[in-house]
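J.: Before we start, here is the structure in question, set down as structure tokens.
The values are calculated or read from the model by the stated rules, or taken from the named source; none is laboratory data. This one's a predicted model, so the numbers in the text were calculated from it and none came from an experiment. Here the Cβ positions follow ideal geometry from the backbone for every residue, glycine too, while neighbour counts run over all protein chains shown. Heavy atoms of the whole protein, side chains included, go into the accessibility calculation; ligands, DNA and RNA do not. Shrake-Rupley method; radii C 1.70, N 1.55, O 1.52, S 1.80 Å.
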Amino acid sequence: MMRPARLAVGVVSAGRVGSVLGAALARAGHTVVAASGLSAASLARAERLLPDVPLLPPDETVRRADLVLLALPDDALAGMVRGLVATGSLRPGQIVVHTSGAQGIDVLAPAAEAGALALALHPVMTFTGREEDLERLAACSIGVTAAADDEAGWSVGEALAVEMGAEPVRIPDSARALYHAALTHGANHLMTLVADCAEVLREAGIAHSERLVAPLLSAALDNVLRHGDRALTGPVARGDVGTVRKHLEVLADRAPDVAPAYRALAKRTVARSSAAGLLDTAAAKDLTELLDDPAEGHQDQ
């Protein structure tokens, strides 16, 4: 792998991801020369993670940098790149990196045309913008994307990931959208699922719901990562139609906002259990009919 020289790093902007990656690059021996950020949260984050780094407008931050780290919301990225090119802030030889999971390197085309090396480095981790995120980097991967025929670019991206303490994984540009959809479905929807679970337990009058479910959910995650669909358990995988019907009824009554998600995920569990050979054809048919029936769970119909 090609090891980058010590670089002057400019962070645009000092959000949760940018501030943590900037701090990780500084820890690896690079120098964060400037960062941009306007909100009170960004200022506080920069003070914690990027102490003594001047906060400047994006164009001034970029002009000072050898490595430009664009840690921006997806929808703001293209406009920022065009603006930096239009103001002459970018120069040939710079490395321009964005951290968006959904975007590939096409969004950096204006920077590449200006002579910059365009890379996408997406940390596969959820960040809080606090110091503990630096340690989380050591246990995560970073999705690296460069131009298909630019082996030097791939190597630079991989080396930067390693220097930040993460494991680089090559993600072809054509796979970025599906890659990000999969990660979002897993991580973000898992958070929603767990929060719903805890909320329904509280609705049932059960105290300390998070403490109650933590061992169960941790074991479930470990089991599926180790064993895949063979680890499926519960009433759907067992073909227990009566229990699923009771669940639909009580959720419709006590947690109607959660009921549609339960129904949708139960249908996916039927499909996966059937494909794994855990659920026989008759039970799968009965469960599918139950879950497809909009009247099930609505006792007033």
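J.: What number of residues within region 24-36 satisfy the criterion of being assigned to a helix (DSSP H, G or I), open to solvent by less than 10 Å² (accessible area, probe 1.4 Å) and among the small types (Gly, Ala, Ser)? Full working, then the answer.
T.: As a first pass, look at region 24-36 and keep what is assigned to a helix (DSSP H, G or I): 24-27.
Add one more test, that the residue is open to solvent by less than 10 Å² (accessible area, probe 1.4 Å), and what stays is 24-25.
Subsequent filtering for residues that are among the small types (Gly, Ala, Ser) retains 24.
The qualifying residues number 1.
J.: When the residues of region 214-229 are narrowed to those that are free of Cβ contacts under 8 Å to residues at least 24 places away in the same chain and touching a helix residue (DSSP H, G or I) at 6+ places or on another chain (Cβ under 6 Å), which ends up farthest from Ala275 (Cα to Cα)?
T.: Filtering region 214-229 for residues that are free of Cβ contacts under 8 Å to residues at least 24 places away in the same chain and touching a helix residue (DSSP H, G or I) at 6+ places or on another chain (Cβ under 6 Å), the one farthest from Ala275 (Cα to Cα) comes out as Asn223.
J.: Hey, another quick one. Give me the pairs, please: first residue somewhere in region 179-199 and closer than 16 Å to Leu251 by Cα, second residue anywhere and open to solvent by less than 60 Å² (accessible area, probe 1.4 Å) and not aliphatic (A, V, I, L, M), beta-carbon distance under 7 Å, and either six or more positions apart or on two chains.
T.: From residues that are closer than 16 Å to Leu251 by Cα, the pairs are Ala198/Ser209.
J.: OK, next. How about region 101-118: which of its residues are in contact with a His (Cβ under 8 Å, 6 or more places away or on another chain), without any contact (Cβ under 8 Å) to a residue 40 or more places away in the chain and farther than 17 Å from Asp59 by Cβ? Talk me through it step by step, then tell me what you get.
T.: Start the filter on region 101-118 by keeping residues that are in contact with a His (Cβ under 8 Å, 6 or more places away or on another chain), which leaves 101-102, 107-108.
This time we only want the ones that are without any contact (Cβ under 8 Å) to a residue 40 or more places away in the chain, so: 107-108.
Across region 101-118, the qualifying residue is only Val107.
J.: Right, here's the next one. For region 69-79, give me the residue count where each residue is in a helix (DSSP H, G or I) and buried (at least 19 other Cβ atoms within 10 Å of the Cβ).
T.: Final tally of qualifying residues: 1.
J.: A further question on this structure: Only one residue in Leu221, Leu279, Leu287 is out of contact with any strand residue (DSSP E or B) (no Cβ under 9 Å at 6 or more places or on another chain), of a type in the set (A, V, I, L, M, F, W, C), modelled with pLDDT of 95 or more and assigned to a loop (DSSP other than H, G, I, E, B), so which one is that? If you could, list the steps in order and put the result at the bottom.
T.: Working: Leu221 fails: assigned to a loop (DSSP other than H, G, I, E, B); Leu287 fails: assigned to a loop (DSSP other than H, G, I, E, B).
The conditions single out Leu279.
J.: Name the residue that is least open to solvent (accessible area, probe 1.4 Å), counting only residues in region 191-218 that are modelled with pLDDT under 95 and outside any helix (DSSP H, G or I).
T.: Taking the candidates together, the pick is Ala207.
J.: Is one or more of the residues making up region 146-168 closer than 22 Å to Asp74 by Cα, open to solvent by less than 60 Å² (accessible area, probe 1.4 Å) and β-branched (Val, Ile, Thr)?
T.: Within region 146-168 (the criterion being closer than 22 Å to Asp74 by Cα, open to solvent by less than 60 Å² (accessible area, probe 1.4 Å) and β-branched (Val, Ile, Thr)), the answer is no, since none of the residues qualifies.
J.: Inspect region 268-275 for any residue being over 29 Å from Met125 (Cβ atoms) and among the hydroxyl-bearing types (Ser, Thr, Tyr) and give the result as yes or no. Please lay out each step first, then the result.
T.: Step one: of region 268-275, the residues over 29 Å from Met125 (Cβ atoms) are 270-271, 273-275.
From what is left, the residues that are among the hydroxyl-bearing types (Ser, Thr, Tyr) are 273-274.
Looking through region 268-275, at least one residue is over 29 Å from Met125 (Cβ atoms) and among the hydroxyl-bearing types (Ser, Thr, Tyr).
J.: Condition first: within 19 Å of Val20 (Cβ to Cβ) and at pLDDT 95 or above. Now tell me which residues in region 104-134 satisfy that.
T.: Initial filter on region 104-134 (within 19 Å of Val20 (Cβ to Cβ)): 119-134.
Answer for region 104-134, where residues must be within 19 Å of Val20 (Cβ to Cβ) and at pLDDT 95 or above: Leu119, Ala120, Leu121, His122, Pro123, Val124.
J.: To continue, here is another question. Please go through region 87-107 and pick out each residue that is over 13 Å from Asp74 (Cβ atoms) and surrounded by 21 or more Cβ atoms within 10 Å (Cβ to Cβ).
T.: Ser89, Leu90, Gln94, Ile95, Val96, Val97, Ile105
J.: Still on this structure: Among the residues of region 43-56, is there at least one that is at pLDDT below 95, within 25 Å of the chain's Cα centre (by Cα) and of a type in the set (Gly, Ala, Ser)?
T.: Checking region 43-56: at least one residue is at pLDDT below 95, within 25 Å of the chain's Cα centre (by Cα) and of a type in the set (Gly, Ala, Ser).
J.: For the list (1) within 23 Å of Asp222 (Cβ to Cβ); (2) at pLDDT below 95; (3) surrounded by 15 or more Cβ atoms within 10 Å (Cβ to Cβ); (4) not hydroxyl-bearing (Ser, Thr, Tyr), I need the number of the one condition that Asn188 fails.
T.: Going through (1) within 23 Å of Asp222 (Cβ to Cβ); (2) at pLDDT below 95; (3) surrounded by 15 or more Cβ atoms within 10 Å (Cβ to Cβ); (4) not hydroxyl-bearing (Ser, Thr, Tyr) one by one, Asn188 breaks only (3).
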